[in-house]
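To keep things clear, I will list the structure first and then write my remarks on it.
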Amino acid sequence: NAGVTQTPKFQVLKTGQSMTLQCAQDMNHEYMSWYRQDPGMGLRLIHYSVGAGITDQGEVPNGYNVSRSTTEDFPLRLLSAAPSQTSVYFCASGGLGIRLSSYGYTFGSGTRLTVV
Amino acid sequence: SQQGEEDPQALSIQEGENATMNCSYKTSINNLQWYRQNSGRGLVHLILIRSNEREKHSGRLRVTLDTSKKSSSLLITASRAADTASYFCATDAGSGGSNYKLTFGKGTLLTVNP
């Protein structure tokens with residue numbers, strides 16, 4: 001049982017490049033989300049999904065796209081990387097309803113992204 | 001926008017002592033969650049308390065919630081060096097059910113000295 005797997009662990013991009021951060025979970029969780037963590041800012045929600053084909057914006061969605069074609073995968077796409085997107089990105093998943101109340105969210109180990 | 005704010009920002013104690021961290025928030029909530037993050041790692045869920053609950057225990061953890069004061073506290077008893085980590089509160093401001101938009105505070109850095 002791998003939990004939430006994020007790839008890559010580290011990435012350096014040049015300004016203007018695009019890339020996709022991968023997130024996969026094997027717990028059959030309906031809910032998946034992306035957060036970014038910046039020093040002194042805590043975690044901020046970028047996008048989230050409550051099931052395949054359903055996505056919605058969080059607090060800081062600009063510059064990022066998501067899609068949810070399967071229950072297991074929730075990739076985050078950076079369209080045109082900017083230095084302001086330098087951050088640590090975390091993917092999280094969880095069940096809905098009573099499963100959420102009982103177990104909270106499961107986080108991946110993060111992707112450290114630097115945009116130069 | 002930051003919903004939860006932890007206090008203190010940093011806490012240093014000796015092994016065996018108790019550690020108390022506080023969280024204040026601004027709006028009504030459906031539930032409040034506490035997470036731990038070891039340096040360079042992802043977050044680990046510790047405990048969730050619903051808005052209609054006042055206290056919850058899990059092992060050495062005790063969480064209280066006061067919705068009238070919009071505050072919560074996390075108590076770690078008999079602390080160990082392995083408890084050294086950052087602790088975050090996160091609020092779910094959904095009404096009637098989760099809105100799936102957890103809002104995190106900036107965290108408390110706990111250092112437990114051997």
* Table column - 3J(HN,Hα) (Hz), the range B:60-70, Karplus curve with 6.51, -1.76, 1.60, x for Gly and Pro -> 8, 9, 9, 10, 10, 9, 10, 6, 5, 9, 6
* Considering every residue in B:40-47, what mean count of other chain Cβ atoms within 10 Å of its Cβ is obtained? -> 6
* Relative contact order of chain A: what whole-number percent is it, with Cα pairs under 8 angstrom and at least 6 residues apart? -> 35 percent
* Taking H as built 1.01 Å from N, whose amide H comes closer than 5 Å to the amide H of A:Gly58, not counting residues under 5 places away? -> A:His47, A:Tyr48
* Asked: Any idea of the total accessible area buried by the A-B contact, 1.4 Å probe, rounded to 100 Å²?
  -> 1800 Å²
* Asked: How much of A:Ile98 can a 1.4 Å solvent probe reach, expressed as accessible area in Å² and rounded to 10?
  -> 120 Å²
* Asked: Using θ = phi - 60° and the Karplus form 6.51 cos²θ - 1.76 cosθ + 1.60, what ³J(HN,Hα) does each residue of the range B:8-14 get, whole Hz, x for Gly and Pro?
  -> x, 6, 9, 9, 10, 9, 8
* To do: Enter the accessible area per residue of the protein assembly as shown (Å², integer; probe 1.4 Å; all protein chains in place).
  => 45 Å²
* To do: Please give every one of the lysines within straight-line cross-link reach of B:Lys69, meaning a C-alpha to C-alpha distance under 25 Å, and leave out same-chain neighbours fewer than 8 residues apart.
  => B:Lys26, B:Lys56, B:Lys101, B:Lys106
* Residue-by-residue Karplus 3J(HN,Hα) for the range A:83-91, coefficients 6.51, -1.76, 1.60, Hz, glycine and proline x -> x, 5, 8, 4, 5, 9, 10, 10, 9
* Asked: Pick from B:Lys70, B:Lys101, B:Lys56: which is most flexible by mean-square fluctuation in a GNM of chain B where alpha carbon atoms under 10 Å apart are linked?
  -> B:Lys101
* Structure fact -> With a 1.4 angstrom probe the carbon and sulfur portion of accessible area for the protein assembly as shown, in percent, totals 48 percent
* Rough spin-label spacing in nm, given labels placed 7 Å along Cα→Cβ, for B:Val44 and A:Asp56 -> 3.1 nm
* Could you work out the mean count of beta carbons from other protein chains within 10 Å of each residue's beta carbon in B:84-91? => 1
* Determine the shielding of peptide B:26-32 by partner chains: average, over its residues, the number of Cβ atoms on other chains within 10 angstrom of each Cβ. => 1
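The values are calculated or read from the model by the stated rules, or taken from the named source; none is laboratory data. Keep in mind that what you see is a predicted model, and the values were worked out from it rather than measured. Positions of Cβ are generated from backbone atoms using ideal geometry, with glycine treated the same way; all protein chains shown enter the neighbour counts. Only protein heavy atoms, including side chains, enter the accessible area calculation; ligands, DNA and RNA are left aside. Shrake-Rupley method; radii C 1.70, N 1.55, O 1.52, S 1.80 Å.
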